Amino acid sequence: MKTALISVSNKRGIVEFAKELHKLGIKILSTGGTAKLLKENKIPITLVSDYTKSKEMLDGRVKSLHPKIYAGILALRNNKKHLQELKNNKIDAIDIVAVNLYPFEETVAKNASFAEAIENIDIGGVSMLRAAAKNHEFVAVIIEPDDYKRVIEELKKGGISKSLRDELALKAFAHSARYDATINQYLNKSFGKNEFPDILNLTFKKMQDLRYGENPHQKAAFYKEQFVYESCAGNAKQLHGKQLSFNNILDVDNAFELVKEFNEPAAVIVKHTNPSGAAIANKIEDAFKMAYEADPLSAFGCVIALNRPCNIEITKVISPLFVEIIACPKFEKDALLILKKKKNIRLLETGNATKSLEGYELKKVVGGLLMQTREYPDIKEKNLKIVGKRKPTKEEIKTMLFAFKVNKHVKSNSIVLAKGNATVGIGAGQMSRVDAVKIAISKAKEKTKNAVMASDAYFPFRDGIDEAAKAGITAIIQPGGSIRDKEVIEAVDEHNMAMVFTGIRLFRH
């Protein structure tokens with residue numbers, strides 16, 4: 001290998017890499033800021049503009065887009081015609097291409113102006129990268145500074161191996177694809193013309209391999225979304241404990257998204273992606289105690305989420321319990337010291353509990369992908385339609401609105417029973433609504449008296465109402481919209497219960 005072309009936006013490690021190439025007798029072509037940096041470090045280089053006899057144009061927008069560059073990269077070394085054309089046109093074969101691109105993703109992430117974002121769309125770099133990756137049988141393309149050392153080590157042994165060239169080419173095409181997908185997403189959002197584009201380009205970055213998937217026989221990994229607009233499971237920082245599993249991440253996501261629903265201090269306990277208890281209070285430790293007491297049996301091996309820092313009062317309750325994970329904005333120093341004594345607990349710090357409706361919900365099915373917006377109407381008292389004879393009390397309305405928010409995060413068919421600012425029983429994921437009612441009641445036991453009931457969808461029959469009445473439930477919040485609404489309202493009136501319609505269904509599959 002005789003010639004390398006170096007043009008990088010990320011300058012990390014490039015000086016050391018170029019010095020090693022020079023020691024190996026490899027000629028270096030370079031451009032712009034990279035050339036300036038290498039010259040300052042007394043590394044002999046040839047400017048691309050001198051080599052091509054074509055000056056940079058348009059404030060540097062056109063530098064490397066020249067036949068002498070692309071012919072040098074793309075020529076097949078085992079093709080005599082190609083080699084003769086290089087010789088006839090006095091073109092050097094370019095054997096190493098070290099390129100990384102204008103930082104478009106980083107520019108967009110810092111909320112730069114539209115003009116600045118557009119200016120950071122790389123053209124020549126992407127073209128060189130793709131050309132070198134296409135011709136990887138003969139050319140080594142390097143986009144990551146971490147790979148410089150490996151390339152030098154193999155050059156010192158006599159040449160860059162096919163396996164490394166293949167690996168580097170794959171990285172280059174993945175990088176190029178992500179780069180274009182990022183631009184596509186940004187422009188689609190900026191122009192605001194198509195919420196659901198005809199071609200959907202998504203890009204995620206692998207954060208870690210997981211021990212296994214939902215079950216031990218399945219392999220799994222965790223990928224992070226490109227742009228994250230809020231605190232979430234995807235950008236939480238692990239402070240303690242063993243590696244998270246596939247199911248752990250799902251549970252943390254469900255738990256933390258639920259506590260983000262509330263401005264008040266909120267706590268939730270989750271098992272198998274469903275809350276077993278949720279509560280709000282003036283103090284976070286009180287919210288946690290109420291959430292735990294809603295269903296202590298199901299809390300064994302649970303995931304806990306808080307929307308306030310975890311304090312020493314909470315650790316006193318948790319210490320004797322088997323808890324898988326705690327996710328919260330911050331751990332107070334004393335609480336963290338105590339919790340770290342528990343070897344198997346995982347502690348995740350999320351930063352302030354912020355919520356955004358940007359982005360989409362995606363669900364993979366075999367052979368396709370479902371995509372939907374994230375918004376839910378924010379239901380307030382003024383949005384409720386009272387449909388029974390008895391009007392709900394102020395306290396019942398407050399509790400119903402609390403239960404409604406919790407119900408958004410329970411798998412359908414789902415029923416949430418609540419009292420005050422805490423759940424007392426939850427029936428999740430049932431095929432029939434009346435069974436969800438019965439399960440929620442069985443969980444709540446004697447706590448059902450004077451509780452309220454929230455349903456994620458309408459009641460198709462009056463049987464769920466009758467079961468609730470027998471348990472002492474006094475008020476119901478549900479979407480309404482059944483062909484048997486009249487029958488259901490009559491049942492409510494018979495039992496002297498209050499009922500309100502929201503008009504909003506909360507299915508969660």
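Before moving on, here are some points about what is shown:
- Annotation note: GluC sites (Glu not before Pro) in the range 371-473 located in DSSP loop regions with a Cβ neighbour count of at most 11 within 10 Å are Glu375.
- Label-point separation, Leu239 to Lys364 (7 Å along Cα→Cβ), nm: 3.2
- When each of Lys19/Lys156; Lys341/Lys445; Lys189/Lys355; Lys316/Lys408; Lys110/Lys189 is checked by Cα-Cα distance, pairs over 24 Å: Lys341/Lys445; Lys316/Lys408
- Helix 124-134 and the longest principal axis of the C-alpha atoms of the chain enclose an angle of approximately 80°.
- The C-alpha atoms of the chain define a longest principal axis, and helix 394-407 lies at about 40 degrees to it.
- Efficiency of FRET between Thr46 and Met207 - r from beta-carbon atoms, R0 45 angstrom, step 0.05: 0.65
- 20 Å Cα-Cα reach of Lys224 towards aspartates and glutamates, excluding residues that sit fewer than 8 places from it in its own chain: Glu105, Glu106, Glu144, Asp180, Asp209, Glu214, Asp251, Asp253, Glu257, Glu349, Glu358, Glu361
- Neighbour counts of other Cβ atoms within 10 Å put Ser245, Ser276, Ser455 in the fewest-to-most order Ser245, Ser276, Ser455.
- A cut-off under 14 angstrom between Cβ atoms defines the neighbours of Gly472, and their net charge, with Lys, Arg +1 and Asp, Glu -1, is +1.
- Relative contact order, whole percent, for the chain stands at 8, derived from Cα pairs under 8 Å and 6 or more residues apart.
- Furthest towards positive pole of dipole, Ala287, Pro216, Val366, structure part the chain, Cβ charges: Pro216
- In plain terms, the chain is cut at each of the chymotrypsin sites (Phe, Trp or Tyr not before Pro) found in a DSSP loop with at most 16 other Cβ atoms within 10 Å, and the longest leftover piece is 1-211.
- Difference of contour (0.36 nm per residue) and Cα-Cα distance, Lys333 to Ser442: 35.3 nm
- A straight Cα-to-Cα reach below 23 Å connects Lys486 with the lysines Lys382, Lys385, Lys389, Lys391, Lys438, Lys470, residues fewer than 8 places away in its own chain not being considered.
- The ranking of Leu258, Leu74 by Cβ neighbour count inside 10 Å, starting from the fewest, reads Leu74, Leu258.
- Candidates per trypsin sites (Lys or Arg not before Pro) in the range 420-469, loop by DSSP, up to 14 other Cβ within 10 Å: Lys449
- Dipole of the chain, positive end: most advanced residue of Val259, Ser319, Ile476 [Cβ charges, Cα centre]: Ser319
- Point-charge dipole on Cβ atoms (K/R +1, D/E -1) for the chain, about Cα centre, debye to 20: 1320
- Modelled spin-label separation between Asn352 and Tyr229, with each label point placed 7 Å from Cα along the Cα-to-Cβ direction: 1.7 nm.
- Förster radius 45 Å - calculated FRET efficiency between Ala174 and Lys380, Cβ distance, rounded to 0.05: 0.45
- Summed residue charge, Cβ within 15 Å of Pro296's Cβ, Lys/Arg positive, Asp/Glu negative: +2
- Computed about its Cα centre, the charge dipole of the range 204-349 is approximately 740 debye, with only Lys, Arg, Asp and Glu carrying charge at their Cβ.
- Loop GluC sites (Glu not before Pro), the range 92-165, which have at most 13 other Cβ atoms in a 10 Å radius of their Cβ (DSSP): Glu137
- Centroid-to-centroid separation of the range 173-194 and the range 1-40 [C-alpha atoms, Å]: 30
- Ellipticity at 222 nm from helices only: DSSP H runs of n ≥ 4 in the chain, each -39500 (n - 2.57), divided by the residue count, give -11000 deg cm²/dmol.
- Between amide H atoms placed 1.01 Å from N, distances below 5 Å from Val97 occur with Leu5, Ala140, Val141, Ile142, all of them 5 or more places distant or on a separate chain.
We did not get these values from a lab; they are worked out from the coordinates using the rules stated. Since this is a predicted model, take the numbers as computed values, not measurements. FYI the Cβ positions are ideal-geometry reconstructions off the backbone, even for glycines, and counts take in every protein chain you see.
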